[in-house]
Amino acid sequence: MPSIDSAKILILATDGYERSELRVPYEELKKRGAAVKIASIKEGSIRSWDKKDWGDSVDVDLQAKDVNIEDFDAIVLPGGQINPDKLRINDDAMRVVREFVRSGKVVAAICHAPWLLIEADALRGREATSYWSIKTDVTNAGATWKDEKVVADDGIVTSRSPDDLDAFVNKIIEEIEEGRHEKRAA
């Protein structure tokens with residue numbers, strides 16, 4: 001059971017991530033002592049979507065194709081509509097998501113990011129939440145959708161929107177400190 005102050009966390013995102021859904025977990029987890037890296041499907045930096053237009057950028061630490069999940073204790077998947085839609089059609093990004101799901105390590109997805117868990121077939125038979133507009137996608141993937149700030153099911157953490165970020169980050173920390181969860185299909 002790693003303590004949050006010794007945890008290594010990966011955030012997987014690309015252009016179009018919801019700004020607050022990357023920035024808040026990144027900053028809060030670092031503030032609690034975790035080492036946090038950002039991976040993407042491209043080099044350099046990635047641009048956020050901030051409410052109604054493009055926002056600021058963050059530097060990428062490594063490419064998805066180079067991610068070794070053994071180097072990390074958890075993965076955080078920010079939402080936004082653009083970001084997860086681009087990632088779910090990228091083989092390197094989906095390899096990373098599937099490997100994290102199979103590993104039993106913490107997988108946390110917020111807003112539209114459960115699309116990545118749907119693509120990985122990781123929600124079947126689980127409880128989950130998401131942004132309300134993809135509720136049908138989540139239920140069609142075999143999950144029981146709950147209208148709650150945060151839902152955790154064997155280390156898979158889902159949350160609805162930026163309004164729920166405090167609960168999302170706190171649940172990520174709790175799940176990391178519990179340690180690995182049983183192996184899951186993906």
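The values are calculated or read from the model by the stated rules, or taken from the named source; none is laboratory data. Keep in mind it's a predicted model, so treat the numbers as computed, not measured. Here the Cβ is made from the backbone with ideal geometry for all residues, glycine too, and neighbour counts use every protein chain on show.
Here are the numbers for the structure shown:
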| read-out | value |
| --- | --- |
| Residues being under 17 Å from PHE72 (Cα atoms), in a loop (DSSP other than H, G, I, E, B) and within 18 Å of the chain's Cα centre (by Cα) - total across region 33-59 | 1 |
| In region 68-84, residue farthest from PRO2 (Cα to Cα) [restricted to those that are within 15 Å of the chain's Cα centre (by Cα) and free of Cβ contacts under 8 Å to residues at least 60 places away in the same chain] | PRO84 |
| When residues of region 134-186 are limited to those that are modelled with pLDDT under 95 and of a type in the set (Gly, Ala, Ser), the one nearest to the chain's Cα centre (by Cα) | GLY155 |
| Lone qualifier among LYS65, LYS52 - being farther than 27 Å from LYS149 by Cβ and out of contact with any strand residue (DSSP E or B) (no Cβ under 6 Å at 6 or more places or on another chain) | LYS65 |
| Filter pass, ARG102 being buried (at least 18 other Cβ atoms within 10 Å of the Cβ) and modelled with pLDDT of 95 or more | no |
| ALA39 small (Gly, Ala, Ser) and under 19 Å from GLU175 (Cβ atoms) | no |
| Positions within region 82-132 being charged (D, E, K, R) and part of a loop (DSSP other than H, G, I, E, B), in sequence order | ARG88, LYS105, ASP121, ARG124, ARG126 |
| Breaking point among (1) more than 19 Å from GLY16 (Cβ to Cβ); (2) in contact (Cβ under 8 Å) with a residue 60 or more places away in the chain, for ARG95 | (2) |
| Region 117-140, residues that are small (Gly, Ala, Ser) and over 14 Å from THR158 (Cα atoms) | ALA120, GLY125, SER133 |
| Residue count for region 16-50, restricted to those that are out of contact with any Phe, Trp or Tyr (no Cβ under 7 Å at 6 or more places or on another chain) and either among the small types (Gly, Ala, Ser) or free of Cβ contacts under 8 Å to residues at least 24 places away in the same chain (or both) | 12 |
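Here is a yes/no grid of residues against (1) surrounded by fewer than 21 Cβ atoms within 10 Å (Cβ to Cβ); (2) at negative phi; (3) of a type in the set (Val, Ile, Thr); (4) out of contact with any Asp or Glu (no Cβ under 8 Å at 6 or more places or on another chain):
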position: SER3; (1), (2), (3), (4): yes, yes, no, no
position: LYS8; (1), (2), (3), (4): yes, yes, no, no
position: LEU12; (1), (2), (3), (4): no, yes, no, yes
position: TYR17; (1), (2), (3), (4): no, yes, no, yes
position: LEU22; (1), (2), (3), (4): no, yes, no, yes
position: ARG32; (1), (2), (3), (4): yes, yes, no, no
position: ALA39; (1), (2), (3), (4): no, yes, no, no
position: LYS51; (1), (2), (3), (4): yes, no, no, yes
position: TRP54; (1), (2), (3), (4): yes, yes, no, yes
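Yes/no per residue for (1) in contact with a Lys or Arg (Cβ under 8 Å, 6 or more places away or on another chain); (2) hydroxyl-bearing (Ser, Thr, Tyr); (3) at negative phi:
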site: ARG126; (1), (2), (3): no, no, yes
site: THR136; (1), (2), (3): no, yes, yes
site: ASN140; (1), (2), (3): no, no, yes
site: TRP145; (1), (2), (3): yes, no, yes
site: GLY155; (1), (2), (3): yes, no, no
site: THR158; (1), (2), (3): no, yes, yes
site: ALA167; (1), (2), (3): yes, no, yes
site: GLU177; (1), (2), (3): no, no, yes
